[in-house]
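Following: one structure in structure tokens, then a few remarks.
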Amino acid sequence: MNELITRYRSPAITALELGDLWVDGRILWYAMQEENFPEVLCGVIQSLQRGEGATESEGPVPAVIKGFDSLYVAGGGSQEPALRTALGELDFPVSFSRTPDYPGEEQGLRLLARTGGGWVCDLGQSSFKICAAKRMRFERDQQRLPVRTDQPVETIEDQRRQLRDWLSHSLRAFATQCAAPSAMLFALPCRVNAAAVPDATSYIGMAGDDRLIADIIAAAGLKPVPVLVMNDAELAALDALAEPELAHCDKTLVLTLGFGLGAALVERRWPRRVNG
């Protein structure tokens, strides 16, 4: 693994996997496509606050979720009026991102400013967003990079190559608009292990691809720089942690609503457990 690439964790943030939470016999991701999703989500949030629920991938939800006292919501899906109305009726503080399509951007740039500044690179399931002095968004070509829930072995090498081509081209295009970075932050739409290696996503072959970030930086013609890697919900949680409206809250559940549902937990008072 490239020594310049490290897994970043804030001691106040715990990544959560809630997109495959069981709800009435199906996982939550499928409920997102249904008309009554706002009501379903409110019920899920209330259950989580009681410490109840189980996911397909990890079983019972972590005990630390129980008793959160506030909610922070980001992502393009958070702008839906029916969703905002439903969540606004919960009996605890609910705050919506001021930059729902670019959650965590401002705080990510502040984090990089400690090392002289850099680029925040947020890979989602439908687009790749890069932010510095300017902001650019590159849409996923679903012909070249089809969304798949399975991972057919025969297509992995081709899909890894296509993903590298798209991401490196995007970085090169951004480099024509902004100064070269002294550091970078990459947010990925999946679990990220301690070695900064991604787990499975709808991008075929991303799971276990320990060369992805190093390869696209090199292919883009950028010089090697320190890179911080995190889950995209953790990036949004940086904003939640800095949100003035929630400063008095001890524990905030963070949800990102887009192609899927991401989640994290912000604790403003800890000692911490080891963050998985």
Would you mind telling me which numbered condition in (1) without any contact (Cβ under 8 Å) to a residue 60 or more places away in the chain; (2) buried (at least 16 other Cβ atoms within 10 Å of the Cβ); (3) under 26 Å from Gly76 (Cα atoms); (4) over 18 Å from the mean Cα position of the chain (by Cα) Ala173 fails?
(2)
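Residues to consider are Leu228, Leu212; find the one that is at pLDDT 95 or above and within 14 Å of Arg161 (Cα to Cα).
Values: Leu228 fails: within 14 Å of Arg161 (Cα to Cα).
Exactly one of Leu228, Leu212 is at pLDDT 95 or above and within 14 Å of Arg161 (Cα to Cα), namely Leu212.
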List, please: which pairs have Cβ atoms under 6 Å, are six or more places apart or on different chains, and start with a residue in the range 131-157 that is closer than 26 Å to Met184 by Cα and end with one that is hydrophobic (A, V, I, L, M, F, W, C)?
Cys131/Val120; Ala132/Trp119; Ala132/Cys178; Ala133/Cys178; Lys134/Cys178; Met136/Ile130; Met136/Phe174; Phe138/Phe128
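Tell me, please, whether a residue that is of a type outside the set (A, V, I, L, M), part of a strand (DSSP E or B) and under 17 Å from Glu234 (Cβ atoms) can be found in the range 72-85. Reasoning before the result, please.
Of the range 72-85, the ones of a type outside the set (A, V, I, L, M) are 72, 75-81, 84-85.
Checking which are part of a strand (DSSP E or B) leaves us with 72.
Retained after the next criterion (residues that are under 17 Å from Glu234 (Cβ atoms)): 72.
Yes: the range 72-85 contains one or more residues that are of a type outside the set (A, V, I, L, M), part of a strand (DSSP E or B) and under 17 Å from Glu234 (Cβ atoms).
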Failed criterion for Thr14 (all others in (1) surrounded by 17 or more Cβ atoms within 10 Å (Cβ to Cβ); (2) in a loop (DSSP other than H, G, I, E, B) hold)
(2)
With criteria (1) more than 16 Å from the chain's Cα centre (by Cα); (2) buried (at least 19 other Cβ atoms within 10 Å of the Cβ), Ala187 comes up short on (1)
Evaluation of Pro103 against (1) in contact (Cβ under 8 Å) with a residue 40 or more places away in the chain; (2) out of contact with any Leu (no Cβ under 8 Å at 6 or more places or on another chain); (3) closer than 26 Å to Ile27 by Cβ; (4) assigned to a loop (DSSP other than H, G, I, E, B) (one fails), failing number
(2)
Residues that are without any contact (Cβ under 8 Å) to a residue 60 or more places away in the chain and not in a loop (DSSP other than H, G, I, E, B), drawn from the range 213-237:
Asp215, Ile216, Ile217, Ala218, Ala219
Say whether the condition of being surrounded by 18 or more Cβ atoms within 10 Å (Cβ to Cβ), touching a strand residue (DSSP E or B) at 6+ places or on another chain (Cβ under 9 Å), part of a loop (DSSP other than H, G, I, E, B) and at positive phi is met by at least one residue in the range 192-212.
yes
Identify, please: which residue in the range 45-63 is loosely packed, with under 15 Cβ neighbours inside 10 Å and of a type in the set (A, V, I, L, M) and is, among those, farthest from Ala15 (Cα to Cα)?
Ala54
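Just to check your reading of the model, which residue among Glu34, Glu56 is in contact with an Asp or Glu (Cβ under 7 Å, 6 or more places away or on another chain) and more than 20 Å from Val254 (Cβ to Cβ)?
Values: Glu34 fails: in contact with an Asp or Glu (Cβ under 7 Å, 6 or more places away or on another chain).
Sole residue among the options that is in contact with an Asp or Glu (Cβ under 7 Å, 6 or more places away or on another chain) and more than 20 Å from Val254 (Cβ to Cβ): Glu56.
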Test Arg160 against the stated conditions and say whether it is free of Cβ contacts under 8 Å to residues at least 12 places away in the same chain and closer than 24 Å to Thr6 by Cα.
no
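Which members of the range 35-56 meet the condition of being touching a Ser or Thr at 6+ places or on another chain (Cβ under 8 Å) and under 15 Å from Leu18 (Cα atoms)?
Initial filter on the range 35-56 (touching a Ser or Thr at 6+ places or on another chain (Cβ under 8 Å)): 38, 53.
Hit for the range 35-56 is Gly53, nothing else.
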Is it fair to say Thr256 is more than 10 Å from the chain's Cα centre (by Cα) and not in a helix (DSSP H, G or I)?
no
Residue check, Val266 of a type in the set (Val, Ile, Thr), at pLDDT below 95 and under 20 Å from the mean Cα position of the chain (by Cα)
no
In the range 24-41, what count of residues is obtained for those that are surrounded by 17 or more Cβ atoms within 10 Å (Cβ to Cβ) and not in a helix (DSSP H, G or I)?
2
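The values are calculated or read from the model by the stated rules, or taken from the named source; none is laboratory data. Worth saying up front: this structure is predicted, and the values here are computed from it rather than measured. FYI the Cβ positions are ideal-geometry reconstructions off the backbone, even for glycines, and counts take in every protein chain you see.
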